[in-house]
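Novice: First the structure, then my questions, so here it is.
The values are calculated or read from the model by the stated rules, or taken from the named source; none is laboratory data. Keep in mind the model is a prediction, meaning the values are calculated, not measured. Don't worry about glycine lacking a Cβ; one is built from the backbone with ideal geometry, like all the others, and counts go over all protein chains shown.
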Amino acid sequence: MAGIYIHIPFCKKACHYCDFHFSTSLKNKETLVDAICSEIRVRQDYLENKKLSTIYFGGGTPSLLTSTELDKIISTIKENFEIIPGAEITLEANPDDLTPEKTKELKESGINRLSIGIQSFFDDDLERMNRSHNANQAIQAVQNAQSNGINNISIDLIYGLPNLTREKWLHNLQQAFQLNVPHLSAYCLTIEEGTAFNHFLHIGKITLPSEPETIEQFELLMSETTKHGFIHYEISNFCKEGKQSRHNSSYWTNEYYLGIGPSAHSYNGISRQFNVANNAKYIKRINTGAPDMEIEMLTPANKFNEYIMTRLRTIWGINPAFISEQFGKATLTTFLSGAEPYLASGSLQWQQDNLILTQKGKLLADKIASDLFV
Ligand SMILES: C[S@@+](CC[C@H](N)C(=O)[O-])C[C@H]1O[C@@H](n2cnc3c(N)ncnc32)[C@H](O)[C@@H]1O
């Protein structure tokens, strides 16, 4: 089984925190959709005839595609790959695009899961982030999707935001629960180089919550989601039983995926490929039949570190027998001695045969992972 990721590199506005690849000029959208279809055809051998169990439209803002553009991409995928019955087909959407008509069209195109970028249910926060929607539109978007029969919905929220208090964060979580969505992605704000927030922070235009306040928001997130029956299945991801993102889970469980579109990356067990993060260059090279990409061959150390990094963040944890089998007994010995202090301090624990993070360990996930790297 395998997955396809399609990157749609367009947004109406640039969010002040975001450093993903996108353009706010939509004038090349149609040409880029054609280039995406060409790349799907050119790279149809990549997944070695594995059947697709997931398709994920990410961005950027894929809800900016017209239904003609979306249908064109989906039919090109169908012409070149076999899709299993019941495959998960997700589209990232912005609330201001999700009118009743749009959600109906998305359902007709075959989209059966929406990941809606809400970030906050407060208008002042949304303005500060330069979002293209308000809080009311966010609520309406979820309800429009549900009324048109798309109930498999995830919403994105961000904590650690400037001016975000415990009370506001609690309100955001309660609003999410009230909307009855089965999946929540909650990210801690990262200040990325080159973003407006990075600049605002340097000139003192924004201030961030202190580290203890941000930790308190993460702890509140964990306790409130547990109270409402969500499973914390990855550091930033929470779902009702059986409702995890099948697509993202496949990234964390070592499945192959093909990434199409500017800046998308692909993985086939032996290498990673990174498409050029520039729309004009991407289009130009696709027209020559040879996509513009960098290839990184994965060394055993890369593979081991990726396994640690991804699995440690999940509910499935790290399996020592797998390490021994894939990377050898010496690597296992080094790993176990690195894990020992974290077991002793209560940051790691055994869950049957796997090592997983405790609640305390979840606060230190990145540090623990880097200490366990070879
Ligand atoms: C790149 S966006 C695309 C989805 C959609 N177009 C939107 O704007 O909501 C994917 C998600 O990444 C998260 N994100 C992006 N940059 C982030 C940052 N610097 N810190 C925390 N979360 C971030 C946001 O929650 C966002 O919804």
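Novice: Out of region 40-72, which residues are away from the ligand (no atom under 16 Å from the Cβ), under 25 Å from Trp252 (Cβ atoms) and assigned to a helix (DSSP H, G or I)?
Specialist: Across region 40-72, the qualifying residue is only Ile40.
Novice: Within region 128-174, count every residue that is basic (Lys, Arg) and closer than 25 Å to Tyr56 by Cα.
Specialist: The qualifying residues number 1.
Novice: Give the residue, chosen from Leu258, Leu221, that is on the phi < 0 side of the Ramachandran plot and outside any helix (DSSP H, G or I).
Specialist: When all the criteria are applied, what remains is Leu258.
Novice: Can you find a residue in region 304-315 that is at pLDDT 95 or above and more than 28 Å from Met222 (Cα to Cα)?
Specialist: Within region 304-315, one or more residues are at pLDDT 95 or above and more than 28 Å from Met222 (Cα to Cα).
Novice: Another one. Out of curiosity, is Thr90 under 30 Å from Lys27 (Cα atoms), touching a residue at least 60 places away in the same chain (Cβ under 8 Å), within 14 Å of the ligand (Cβ to nearest atom) and of a type in the set (Val, Ile, Thr)?
Specialist: yes
Okay, residues lined up against (1) over 20 Å from the mean Cα position of the chain (by Cα); (2) in the same structural domain as Leu47 (by TED's automatic domain parsing); (3) of a type in the set (S, T, N, Q); (4) modelled with pLDDT of 95 or more:
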| residue | (1), (2), (3), (4) |
| --- | --- |
| Thr66 | yes, yes, yes, yes |
| Glu69 | yes, yes, no, yes |
| Glu88 | no, yes, no, yes |
| Gln119 | no, yes, yes, yes |
| Asp125 | yes, yes, no, yes |
| Asn136 | yes, yes, yes, yes |
| Ala141 | no, yes, no, yes |
| Ser154 | no, yes, yes, yes |
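Novice: Which ones in region 111-141 are surrounded by fewer than 18 Cβ atoms within 10 Å (Cβ to Cβ), charged (D, E, K, R) and either closer than 20 Å to Phe20 by Cβ or free of Cβ contacts under 8 Å to residues at least 12 places away in the same chain (or both)?
Specialist: The answer is Glu127, and nothing else.
Novice: Still on this structure, please answer the following. Can you say whether Thr331 is among the polar types (S, T, N, Q) and under 25 Å from Glu224 (Cβ atoms), as far as the supplied structure shows?
Specialist: no
Novice: Taking the conditions exactly as written (within 16 Å of the ligand (Cβ to nearest atom) and of a type in the set (Lys, Arg)), does Lys102 satisfy them or not?
Specialist: Judged against the criteria, Lys102 is a match.
Novice: May I ask you to list the residues in region 262-274 that are assigned to a loop (DSSP other than H, G, I, E, B) and either among the acidic types (Asp, Glu) or over 15 Å from Thr90 (Cβ atoms) (or both)?
Specialist: Pro262, Ser263, Asn268, Gly269, Ile270
Novice: Working only within region 151-197, note down all residues that are more than 8 Å from the ligand (Cβ to nearest atom) and closer than 17 Å to Ala93 by Cβ.
Specialist: Asn151, Asn152, Ile153, Ser154, Ile155, Ala176, Leu179, Val181, Pro182, His183, Leu184
Novice: Listed residues Ile260, Ile270; which is of a type in the set (Val, Ile, Thr) and surrounded by fewer than 16 Cβ atoms within 10 Å (Cβ to Cβ)?
Specialist: Ile270
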